[in-house]
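One structure is given below, encoded as structure tokens.
The values are calculated or read from the model by the stated rules, or taken from the named source; none is laboratory data. Everything numeric here is computed off the predicted structure, so don't read it as measured data. When we count neighbours, we look across all protein chains shown, and the Cβ atoms used for this are built from the backbone with ideal geometry, even at glycine.
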Amino acid sequence: MNDKKIATIAVRAGINSDEHHGAVIPAIHLSSTYALKGFNEKRQFDYSRTGNPTRATFAQAIADLEQGAIGIVTSTGMSSVHLICQLLSTEDTVVIPHDCYGGSYRLFTHLAKRGQFKLIVVDQNDESALTEALSQKPKLVLLESPSNPLLRLVDIEKITKDCHQVGALVAVDNTFLSPALQQPLLLGADIVFHSTTKYINGHSDVVGGVLVTKDKALGEELAWWANCIGITGSPFDSYLALRGLKTLPIRMKQHQENADVVAKYLKEHSAIEAVYYPGFPDHPGYEIAKRQQHDFGAMMSFEVKGGVEAVKKLFANLELFTLAQSLGGVESLISHPSTMTHAGMEISAQIEAGITQSLVRISVGIEDSDDIVKDLAAGLAASQL
């Protein structure tokens, strides 16, 4: 276990590891294959789908940040979720939150329809419903805290203990916070995963994923499957994500500072019905956030008065915010979950999860907070005309 602070681990990942030329920054290794020393004498790396020096450096960095045993870098965030599914057989049961990311919901529900496993979709904040789900002795329980897009929180440590009592593995999506703000393995989880496309890379120029296990044997099993089904990440994307990782803690500080300003502004705005942000003391998950997170994050969502037509006017009158998929880049992004990130969910499932047509999600960037607020002010004023 790495006993250094988060910022030190992030900056020092791979530094001074080049024994051949003394390069301070680790090189990018683009070779698809590697020469054997001789007949049946493999080196550490033999084929880049199986192992690559650049990817290995990045994987170790994330494993260190999450205080885990083994990191596995995948081609996308969704491929890291799909990798976890390789642990499941047709008779296994999986429990997922009713309000999880739309891509995760789509994957689990469609694989269940094909008979790959049995699926229970449940509101994990409903203690009786979750207890009933756990009574089915699931093999895997997926947690997402904060949830996408409504920023609901669950008590990771408590739920994990309950899951372990029935023999279930716990996997936590930590994309919204990154290891700079939350470390689920230290709260008892078995697996933590990220879309590195988001905060870990932080510059909206990489698509990737990563999975970290607390247990070495579990990590080795999943690494075998990652190679087997061919979902490991590319060297170039690993190189870029490792470069972005070095500024993760300092970026998150600025994201957070701006998010606090924006959330308070939105909460008082007459065009807003509700703001979903764990940093408010009246948020249902506020006390949980203070206990298990290092801060509240820079994601939030809100309901615009006037429904979808007001949302359209808001989007049409923004200059700084970009209407786009994804989150966690240095730039501010805005999206309409129902038609974008959660379009893979049936409308009935969206309604069950609390996703309405007037719901807007924002990823607060690191621009000047005054400029961010001015842009939202202009858009919201136009939305009510």
Note to self: For the stretch 202-236, give me the residue count where each residue is free of Cβ contacts under 8 Å to residues at least 60 places away in the same chain and buried (at least 19 other Cβ atoms within 10 Å of the Cβ).
What the structure shows: 1
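One line per residue, one yes/no per condition, for (1) more than 17 Å from the chain's Cα centre (by Cα); (2) small (Gly, Ala, Ser):
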{"residue": "Trp224", "(1), (2)": "yes, no"}
{"residue": "Pro235", "(1), (2)": "yes, no"}
{"residue": "Arg243", "(1), (2)": "yes, no"}
{"residue": "Lys246", "(1), (2)": "yes, no"}
{"residue": "Glu257", "(1), (2)": "yes, no"}
{"residue": "Glu268", "(1), (2)": "yes, no"}
{"residue": "Ala271", "(1), (2)": "yes, yes"}
{"residue": "Gly297", "(1), (2)": "no, yes"}
Note to self: Given the options Lys246, Lys290, Lys305, Lys267, name the one that is modelled with pLDDT of 95 or more and closer than 23 Å to Gly14 by Cα.
What the structure shows: Lys246
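Looking only at residues in the stretch 340-371 that are of a type in the set (S, T, N, Q) and within 22 Å of Asp123 (Cα to Cα), which one is surrounded by the most Cβ atoms within 10 Å (Cβ to Cβ)?
So in the stretch 340-371, the residues of a type in the set (S, T, N, Q) come out as 341, 348, 350, 356-358, 363, 369.
If we keep only those that are within 22 Å of Asp123 (Cα to Cα) as well, we get 341, 348, 350, 356-358.
Working: Thr341: 20, Ser348: 8, Gln350: 22, Thr356: 16, Gln357: 18, Ser358: 20.
This residue is Gln350.
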Next item on the list: Might you check whether a residue that is surrounded by 14 or more Cβ atoms within 10 Å (Cβ to Cβ) and assigned to a loop (DSSP other than H, G, I, E, B) occurs anywhere in the stretch 8-15?
Entry: yes
Check: Of the residues in the stretch 152-206, how many are of a type in the set (Lys, Arg) and closer than 19 Å to Val81 by Cα?
Finding: 1
Next item on the list: Go through the stretch 283-297 and count every residue that is touching a residue at least 24 places away in the same chain (Cβ under 8 Å), under 14 Å from Ser147 (Cα atoms) and out of contact with any Lys or Arg (no Cβ under 8 Å at 6 or more places or on another chain).
Entry: 6
Next item on the list: Look through the stretch 325-337, keep the residues that are surrounded by fewer than 22 Cβ atoms within 10 Å (Cβ to Cβ) and polar (S, T, N, Q), and return whichever of them is farthest from Ile250 (Cα to Cα).
Entry: Gln325
Next item on the list: Look through Ala189, Ala226 and report the one residue that is in contact with a helix residue (DSSP H, G or I) (Cβ under 6 Å, 6 or more places away or on another chain) and part of a loop (DSSP other than H, G, I, E, B).
Entry: Ala189
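Look through Leu320, Leu385 and report the one residue that is part of a loop (DSSP other than H, G, I, E, B), free of Cβ contacts under 8 Å to residues at least 60 places away in the same chain and more than 23 Å from Pro249 (Cα to Cα).
Leu320
I'd like the full set of residues that are under 27 Å from the mean Cα position of the chain (by Cα) and either on the phi > 0 side of the Ramachandran plot or surrounded by fewer than 20 Cβ atoms within 10 Å (Cβ to Cβ) (or both), limited to the stretch 372-385. Can you show your working first?
Here is the first cut: in the stretch 372-385, the ones under 27 Å from the mean Cα position of the chain (by Cα) are 372-373, 375-376.
Result: Val373, Asp375.
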Margin query: Taking the conditions exactly as written (without any contact (Cβ under 8 Å) to a residue 60 or more places away in the chain and either in the same structural domain as Asn174 (by TED's automatic domain parsing) or not in a helix (DSSP H, G or I) (or both)), does Ile62 satisfy them or not?
Written below: no
